[in-house]
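What follows is calculated from the coordinates using simple rules that are stated; it is not laboratory data. Since this is a predicted model, take the numbers as computed values, not measurements. Ideal geometry is used to build each Cβ from the backbone, glycine not excepted, and the neighbour counts take in all protein chains shown.
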Amino acid sequence: MVSGKWLVASGLIIWVQMIFAQTQNADQILNQANVLYNNGRYAQAILLYRKAEERGANPVATSFNTANSLFQLNKLPEAAAAYRKAVNFSDGEFAPALANLASVLYRIGE
């Protein structure tokens, strides 16, 4: 007979492995998005940054990188919203997001 503790432990191990695989996959997607960004393919990078965030990537990184891509596409109001998201996720601690948000708000006259 299998004990309840063994089943719980086995379930926990499987759950941790699934979370690790999901995060690893998110990081791979984030890296692919960064390659697209560095090659000037900003619209495609945005799609992958969003997908990476859905899969569990760091929301500060994905929001900030999405904002940078939107900025490169001259979509300033959308960039401001994404920078705000990065600021909020970092509890106001991520200085590059704060600086870029201020710059975008200045450019759009807010």
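A few remarks follow.
- With R₀ set to 25 Å, the beta-carbon distance separating residue 102 from residue 28 gives a calculated FRET efficiency near 0.15.
- If you take all other residues with their beta carbon under 11 Å from the beta carbon of residue 69, and give Lys and Arg +1 and Asp and Glu -1, the sum is +2.
- Other residues whose C-beta falls under 13 angstrom from the C-beta of residue 28 contribute a net charge of +1, scoring Lys and Arg +1 and Asp and Glu -1.
- Per-residue extension of 0.36 nm, minus the Cα-Cα distance of residue 88 and residue 73, leaves a gain of 3.1 nm for this segment.
- Full extension of the segment from residue 43 to residue 110, taken as 0.36 nm per residue of separation minus the current Cα-Cα distance, would add 21.6 nm.
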